[in-house]
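Down below is the structure, laid out as C-alpha cells.
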Amino acid sequence: MNEDLSDLQYSSFRRYNYSEMFETVRYNGKELSDEQRKEVVSKMNETIATYAEGLPMLQKSLKENEFKQNEYSTVYRTVISVMQFVLITMIDSMVASKYFIMADGDYDRRFMRGKLMVILNEGFKRLYGFDEKTHKKSEWDRLLPLMKHFPEVINRDYQELTYRLEKHAKSSSWWREERNLETHMDAEKLYLSRQEELIESKVMMDSLKLFGTLQAVNCFLTNMHGCLYNYLLSKYRRGELKD
C-alpha cells in the first residue's frame with residue numbers, strides 16, 4: 001500500500017475555454033440523413049456509457065463521507081453532490097435526445113420532444129435558476145460558500161462561469177411554457193403545443209444549450225475535485241495522514 005501511494009501524482013489543473021461551451025448553436029436548416037442519424041446514436045451510446053461509469057463512484061464517495069463532520073469532508077461532500085447532479089442531468093438529456101432521434105412514429109417524436117424540453121427547463125433551473133428565488137436553491141449557489149477554501153484560479157473560474165450562467169438564464173424562457181404543459185397535463189393545450197412544427201435538427205440544437213452548459217460546469221468541478229485530491233496527497237506526503 002505504501003509503495004502504491006508513493007507513486008501517486010498530483011492532479012494537474014486544466015484550463016478550459018468556457019466561452020466555447022456556452023456558444024449557442026444555431027439551426028442551419030440541414031437535416032440528418034439516415035446514416036448520420038445512426039452515427040449520432042452510436043456516439044451517444046458511447047458517451048452515455050462513459051458518463052454512467054462515474055455514477056457508482058460518486059455515490060460510493062458520498063456514502064463513505066456521509067457521517068464525517070470535519071470541514072474537509074463537508075466541502076468534499078458538496079462538490080461530489082453537485083458533480084452527481086451534473087452528471088445525471090447530462091446523461092438524462094442525452095438519453096432523451098437519443099430516443100427522440102430514434103423515434104419512428106410522429107406521436108412518439110412529439111412526445112419525446114416535450115419530455116426533452118422538461119429536462120432542459122428543470123435541468124437549468126436546478127443548476128443555476130432563473131431568478132433570485134430559484135438561484136438560492138440551485139446547485140451552483142451551493143458552491144459559493146466553498147470558494148474561500150480554494151485558490152484564486154478556481155475563484156476566477158467560478159466568477160466567469162457565474163457571469164456566463166447568468167447571461168444564459170436571461171437568454172430565453174428555457175422552454176418554461178412547454179415544461180408547464182408537459183407536467184400539468186392540460187390535454188387541449190398540451191395537444192396544441194405538440195402540434196407545433198417539429199424540426200429534428202433544431203430540437204437537437206436546443207438540447208445542446210443545456211448539455212454544453214453542464215459540460216462547462218463539469219470541467220470546473222473536475223478542477224475543484226483535483227484541488228481536494230492534491231490537498232490530501234500533500235498531507236499524506238507530509239506524514240499527516242495514515243494509509
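Somewhere in the stretch 21-29, is a residue at pLDDT 90 or above and either open to solvent by 100 Å² or more (accessible area, probe 1.4 Å) or within 25 Å of the chain's Cα centre (by Cα) (or both)?
Kept after step one, since they are at pLDDT 90 or above, are these residues of the stretch 21-29: 21-22.
Narrowing the set further to residues that are either open to solvent by 100 Å² or more (accessible area, probe 1.4 Å) or within 25 Å of the chain's Cα centre (by Cα) (or both) leaves 21-22.
So far as the stretch 21-29 goes, yes, one or more of its residues are at pLDDT 90 or above and either open to solvent by 100 Å² or more (accessible area, probe 1.4 Å) or within 25 Å of the chain's Cα centre (by Cα) (or both).
Check whether at least one residue in the stretch 208-223 is more than 15 Å from the chain's Cα centre (by Cα), in contact (Cβ under 8 Å) with a residue 60 or more places away in the chain and open to solvent by 30 Å² or more (accessible area, probe 1.4 Å), and report yes or no. There is no residue in the stretch 208-223 that is more than 15 Å from the chain's Cα centre (by Cα), in contact (Cβ under 8 Å) with a residue 60 or more places away in the chain and open to solvent by 30 Å² or more (accessible area, probe 1.4 Å).
Residues are listed down the side, and each one gets a yes or a no for (1) β-branched (Val, Ile, Thr); (2) farther than 21 Å from Lys209 by Cα; (3) in contact with a helix residue (DSSP H, G or I) (Cβ under 7 Å, 6 or more places away or on another chain):
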position: Ala103; (1), (2), (3): no, yes, yes
position: Tyr107; (1), (2), (3): no, yes, no
position: Leu116; (1), (2), (3): no, no, yes
position: Asp131; (1), (2), (3): no, no, no
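Here Arg142 fulfils each of the conditions (1) open to solvent by less than 100 Å² (accessible area, probe 1.4 Å); (2) among the basic types (Lys, Arg); (3) free of Cβ contacts under 8 Å to residues at least 12 places away in the same chain apart from (3). Of the numbered conditions (1) in contact (Cβ under 8 Å) with a residue 24 or more places away in the chain; (2) assigned to a helix (DSSP H, G or I); (3) closer than 24 Å to Gly114 by Cβ, Lys189 satisfies every one except a single condition; which is it? Every listed condition holds for Lys189 apart from (1).
The single condition among (1) acidic (Asp, Glu); (2) open to solvent by less than 40 Å² (accessible area, probe 1.4 Å); (3) touching a residue at least 24 places away in the same chain (Cβ under 8 Å) that Glu160 does not satisfy is (2). Count, please, the residues in the stretch 66-112 that happen to be open to solvent by 30 Å² or more (accessible area, probe 1.4 Å), charged (D, E, K, R) and in a helix (DSSP H, G or I). Going through the stretch 66-112 one residue at a time, the tally reaches 7. Listed by position, the helices (runs of 4 or more DSSP H) inside the stretch 124-186 whose residues that are out of contact with any Lys or Arg (no Cβ under 8 Å at 6 or more places or on another chain) and among the small types (Gly, Ala, Ser) number at least 2 are 152-171.
Restrict the check to the stretch 234-243 and report whether at least one residue is part of a helix (DSSP H, G or I), open to solvent by less than 80 Å² (accessible area, probe 1.4 Å) and among the aliphatic types (A, V, I, L, M). Walk me through it before giving the result.
Residues of the stretch 234-243 part of a helix (DSSP H, G or I): 234-237.
Then keep just the ones that are open to solvent by less than 80 Å² (accessible area, probe 1.4 Å); that gives 234-236.
Within this subset, residues satisfying the condition of being among the aliphatic types (A, V, I, L, M) are none.
No: zero hits.
Looking only at residues in the stretch 184-198 that are at pLDDT 90 or above and of a type in the set (A, V, I, L, M, F, W, C), the one that is least open to solvent (accessible area, probe 1.4 Å) is Leu190. A Cβ distance below 7 Å, combined with a sequence gap of six or more or placement on separate chains, defines the contacts here; from the stretch 76-93, residues that are farther than 11 Å from Arg142 by Cβ and of a type in the set (D, E, K, R) reach no residue that is open to solvent by less than 20 Å² (accessible area, probe 1.4 Å) and assigned to a helix (DSSP H, G or I).
Across the stretch 27-65, the number of residues qualifying as over 30 Å from Ser201 (Cα atoms) and in a helix (DSSP H, G or I) comes to 9.
The values are calculated or read from the model by the stated rules, or taken from the named source; none is laboratory data. All values derive from a computational prediction rather than experimental measurement. Cβ sites come from the backbone with ideal geometry, for glycine too, and all protein chains shown count toward neighbours. The area values use the complete protein model at the heavy-atom level, side chains included, leaving out ligands, DNA and RNA. Shrake-Rupley method; radii C 1.70, N 1.55, O 1.52, S 1.80 Å.
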